[in-house]
Amino acid sequence: MNIAKDARTAVAGLPLAGLAVVEVVLFSVLVTAVSLLGAGIGLFLVPAAAVAARGTVNVTRRLAGARLEGGIPEPYLPEPPREGGLKSWWARTQWILTDPATWRDLAWMLVNPVVGLVLVLLPLILVAFGVFGLLMPMLWEDISGNGGNNWYWFVKVTDSRSALYALGLGVPTLLIGLVSAPALMRAHARLARTLLAPTETSRKVLHLTRTRSEVVSSSAAELRRIERDLHDGAQARLVALGMNLGVAEQLLAKDPEAVRAILADTRKASANALTELRDLIRGIHPPVLADRGLADAVRALALDSPLDVSVTAELPGRADAPVESALYFAVSEILTNAAKHASPTHVDVDLWYADGRIRAQVSDDGHGGADPSRGTGLRGIERRLAAFDGVLAVHSPVGGPTTLTLEIPCALS
């Protein structure tokens, strides 16, 4: 038993109790705003009331979730874009009222002021009452003299002896309050998670919504990159080829030697343009990936990499082309990042299929420290895999080694 820690746990119920009182008010405000929708004014009141209610409930999620592994995540659906005018207000109100999390918040704001208050305040009340019992031998005369209540539990304190009885009762009262504080606070946290955490269905909806948005943004950026590469590279070279051929046509009768030189330059330029187009196509979908599959495509990556890369593959079949493409470009990105940032002497790439999932593991002996939260490279890989319900696991302590494991559920043909 850690008395100081248990005492802090008991005191931690105070802010949660304060939030419960605020939630009673916000419950009334939000219900009133919804009831005024028929009058029209509720269209403007519901979003404002919901913002206040969600902000307060989110504080409860953070405080209560701190006592649970994994915390209590927010379950709200993404907010629709703001367009202005009444249409925007209606869209926001509809978004709030059709979100199941709104009604779970209302249920919490109805239950917490009753059940939650008991759970978070009972330890604090017992601790405070226990301390009061310990102080009764010093306070009973002043309390009796001022006409105060001199009862402690079932003992009426009228003299020093009864004050000692009160002290004897204060000790177990204090201990019960301290011992029960962690359990009751965890019970409150579990109640909060039951009502405030996203359900499995809403969690999947949120994941799919975010993934779809990220994939759309990533695809748009990739299309812009391809357009830019075509415009600045192959298109510019083809325009130059046309101009050179036009000049050669004009000089054909006057200066055949000059035409020969122009045609030689044009041939070189056409070869360069063809090389650029092949590189661009390889960046979209490498021919080796389409022709020979993921394992050989990754081996080709290893041969082209400036690093010493070993590839081991045990794939009894081929996955769908989009899955192979996602893993190929993810491994390519990892090898590029390793060469830029990790300075490894050797990299191992393992590909295998088990339990309905295709996996790739890339390990290097570089200096480590890879963190998805600090860069866009690993986050981009996570987004690429998330489109197929895949995941990326990162183990990269400072000083190395680094191991990245990629996993996508799929069937092989």
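The values are calculated or read from the model by the stated rules, or taken from the named source; none is laboratory data. This one's a predicted model, so the numbers in the text were calculated from it and none came from an experiment. Cβ placement follows ideal geometry from the backbone for every residue including glycine, while neighbour counts extend to all protein chains displayed.
Data table
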{"quantity": "Boolean, Val171 is at pLDDT 80 or above, under 30 Å from Val57 (Cβ atoms) and assigned to a helix (DSSP H, G or I)", "calculated": "no"}
{"quantity": "Residue in the range 344-355 that is surrounded by 14 or more Cβ atoms within 10 Å (Cβ to Cβ) and either farther than 30 Å from Ala411 by Cα or out of contact with any strand residue (DSSP E or B) (no Cβ under 8 Å at 6 or more places or on another chain) (or both) present", "calculated": "yes"}
{"quantity": "Cβ pairs under 6 Å, 6+ apart, first in the range 341-352 and acidic (Asp, Glu) and modelled with pLDDT of 85 or more, second part of a strand (DSSP E or B) and crowded, with 16+ Cβ neighbours inside 10 Å", "calculated": "Asp348/Ser363; Asp350/Gln361"}
{"quantity": "Checklist (1) surrounded by fewer than 18 Cβ atoms within 10 Å (Cβ to Cβ); (2) under 29 Å from Gly40 (Cβ atoms); (3) under 25 Å from the mean Cα position of the chain (by Cα) applied to Trp108, failing item", "calculated": "(1)"}
{"quantity": "Of all residues making up the range 305-364, the number that are in a helix (DSSP H, G or I) and β-branched (Val, Ile, Thr)", "calculated": "4"}
{"quantity": "Top-ranked residue of the range 342-388 - restricted to ones that are of a type in the set (Gly, Ala, Ser) and within 12 Å of Thr405 (Cβ to Cβ), ranked as nearest to the chain's Cα centre (by Cα)", "calculated": "Ala360"}
{"quantity": "Cβ-Cβ under 7 Å pairs, at least 6 apart or on other chains, the range 108-124 side more than 20 Å from Glu74 (Cβ to Cβ) and touching a residue at least 60 places away in the same chain (Cβ under 8 Å), far side surrounded by 20 or more Cβ atoms within 10 Å (Cβ to Cβ) and not aliphatic (A, V, I, L, M)", "calculated": "Pro113/Glu23; Leu119/His188; Val120/Gly13; Val120/His188; Leu121/Gly13; Pro123/Gly13; Pro123/Gly177; Leu124/Gly13"}
{"quantity": "Residue that is nearest to Leu351 (Cα to Cα), among those in the range 365-413 that are charged (D, E, K, R), touching a strand residue (DSSP E or B) at 6+ places or on another chain (Cβ under 7 Å) and not in a loop (DSSP other than H, G, I, E, B)", "calculated": "Glu407"}
{"quantity": "Tally of residues being surrounded by fewer than 19 Cβ atoms within 10 Å (Cβ to Cβ) and either outside the structural domain of Ala48 (by the TED database) or in contact with a Leu (Cβ under 8 Å, 6 or more places away or on another chain) (or both) across the range 77-97", "calculated": "6"}
{"quantity": "Any hit, the range 63-76, residues being aliphatic (A, V, I, L, M) and surrounded by fewer than 17 Cβ atoms within 10 Å (Cβ to Cβ)", "calculated": "yes"}
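Here is a yes/no grid of residues against (1) modelled with pLDDT of 85 or more; (2) among the β-branched types (Val, Ile, Thr):
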{"position": "Gly293", "(1), (2)": "yes, no"}
{"position": "Pro316", "(1), (2)": "yes, no"}
{"position": "Val331", "(1), (2)": "yes, yes"}
{"position": "Ala339", "(1), (2)": "no, no"}
{"position": "Gln361", "(1), (2)": "yes, no"}
